[in-house]
Structures are given as structure tokens and as C-alpha cells.
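Down below is the structure, laid out as C-alpha cells.
Just so it is clear, none of the values below were taken in a lab; they were calculated from the coordinates. Just so we're clear, the structure is a prediction, and the values are computed from it rather than from any experiment. Every residue, glycine among them, receives a Cβ derived from its backbone with ideal geometry; neighbour counts consider all protein chains shown.
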Amino acid sequence: MPATLLAFAAIHGAGGSVLIPSSRHRPEDIDLWRDQFEADCLREPPLEKALYEIERFVSEGPCYCSVSWGKDSVVVAWLTWRVSPATPLVWVRPSGAACPGCDAVRDVFLANWPMEYFEPGCPMEVWNDPAISNAVAFQPATDVVGTDRRIVGVRACESGVRKISMRTHGLATRNSRRPLGWMSEQDIFSIPAVHGLPTHPNYAMNGGGRWDRSRIRVASIGGQWGDQFGRREWEAEY
């Protein structure tokens, strides 16, 4: 196992999910995380459908995989690497508002599953404005890779809007493929646990059980997106 992973593997044991450590973790947070991790290891969701969707999308023309270094994007990046390691990864980084921990997840992932990688910036006022369309928000990615076709980690259970979109369009729109679309939270957390992928430290900042890990975000700090489920209160606490 590479040294980057060895430094963290002791948290769960060699070969387990690499929870990136943070000074913000409390003992009660890690105790609960360990219990959840043990349960995650007992479940391995089928990946064939997601791999097929990515392979099909890649075969249809140039594209990239969009990441934010949260759990969903790490999973979709790893699946893309398995199918097409030559497909670039792009993180449109919100300037001045990126969530702490994302850089560490990025570094561990790229050290172990190397892919071409781009990190264009985007002004926070653009990225965090719900009135701004995806086409505008993702324009920096389009500019650096030369295509707007992207593989994303969007899932139906994340919001009502996404569920409606998934029911309307399925796993594909004109320029995007959503291979994780119908996976559950349990599915998503189990994949890093079983396959040893890096996990953002935020997901263990659970207040000893007061915060549901499935509602914890790793996107930009502040802004108007994702104010539900106590996000502002969680940010103030951690």
C-alpha cells in the first residue's frame, strides 16, 4: 500500500476505507464512524450498471468526469478510472470558499488512481447562486477540456429536484451521464469502505450522532446552495 494511504489506514485497518484525519474530529465522532464503517463493509452494491453507463458515454465522444471530492464524486471518479483512466477529472473549484479536506482527498486519490486532472477556479458568487445555470457554472471545465460532456455523481435521493430529473431523463441528459443515479446512501458509503477509497473528513463530523452523515456536505462553505438540514448550523459547529 502506498505511503500516502499507510499514513491513514490505521484508522480502520489496512485495506479499509481511508478516512482523511482532521483536528475537527472528536472521539465520539470517530466512535460512531467506526460503527458505521463496520456496517458499510458488509455491503457491496452491484457496480455493473454504473460501469456500463460510463463505458457507453465515453465511447460516444470526448468527455470528462466532474468531481468535488465528496463521497459521490470519489466513487464516480474511481469508476471512471476503471473504465477509462485517460478520461480527465475536473474540479471547478469555488474561489475562496473550498471546503477544508478536499485537497487531501484529491491528493490521496490521484496518488493511487492517477488521471489527467484540471482545477479551474470559479467565483463564489457564480458557483453558489441557484439562479445560475449549470452551463455557466461548469463553463470553466468546458474551457479547459474542450467539451461540455461530463460524467457526474448526481443521485436521485439527494433532493426532490434531482429525483424528478432522474425520473424524467433517466441516467442521461444531452451532455451528462449520471451512473450513480439510483444508488442509495448506503450503497455510496459502502463502495469506499469495501474498495479502500479516500473519504472526506466531513462525513465523520457527526456530533456523536446528532448529524446524519448522508446530509453532510463537502461543497463550498457558505452561499445559498444546500441550506436545508441544518447546513449552516453544522458549519458553525465544525
field: Dipole magnitude of region 9-111 about its Cα centre (Cβ charges: Lys, Arg +1; Asp, Glu -1), debye to nearest 20
entry: 280
query: What shape does region 16-123 take by its C-alpha gyration tensor, where a ≥ b ≥ c are the square roots of the eigenvalues and a/c under 1.5 counts as rounded, a/b above b/c as prolate, and the rest as oblate?
result: oblate
query: Ranked highest first by the average count of other Cβ atoms within 10 Å around their residues, in what order do 63-71, 42-50 fall?
result: 63-71, 42-50
